[in-house]
Amino acid sequence: MKGIEWGKTLTAIVTPMDARGEIDIPAAVNLARDIIAHGCDGIVVCGTTGEAATLSTEEKLPLISSLGEEIRGKGLLIAGVGG
């Protein structure tokens, strides 16, 4: 059985927010795209030291889904899903 290939560099990203305090998904997608394009092996979103504790599942899911679609096949996505 082959193990998970974690890569060498995973970047924990902040969750961009708009002026209303809501998640700015297009900004998050652009950030992830830029990070992967500059050589990182993957991203960590909604980690335990970030905004994850204050975001609901309903807020996290569209963010995680959008980031997954963007970096699929290009990098690893690790998502914090705890509440």
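Numerical summary
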quantity: Flag for D34 being of a type in the set (D, E) and either over 24 Å from G3 (Cβ atoms) or buried (at least 18 other Cβ atoms within 10 Å of the Cβ) (or both); calculated: yes
quantity: Residues being in a loop (DSSP other than H, G, I, E, B), surrounded by 10 or more Cβ atoms within 10 Å (Cβ to Cβ) and free of Cβ contacts under 8 Å to residues at least 40 places away in the same chain - total across the range 49-81; calculated: 4
quantity: Qualifying positions in the range 1-31 - among the polar types (S, T, N, Q), surrounded by fewer than 14 Cβ atoms within 10 Å (Cβ to Cβ) and under 12 Å from the mean Cα position of the chain (by Cα); calculated: N30
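One line per residue, one yes/no per condition, for (1) assigned to a loop (DSSP other than H, G, I, E, B); (2) on the phi < 0 side of the Ramachandran plot:
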site	(1), (2)
K2	yes, yes
G7	yes, no
T15	yes, yes
G21	yes, no
A32	no, yes
I35	no, yes
C40	yes, yes
I43	no, yes
G47	yes, yes
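Each reported figure results from applying straightforward, stated rules to the coordinates on display, with no laboratory input. Keep in mind that what you see is a predicted model, and the values were worked out from it rather than measured. Heads up, the Cβs are rebuilt from the backbone with ideal geometry, glycines too, and the neighbour counts pull from every protein chain shown.
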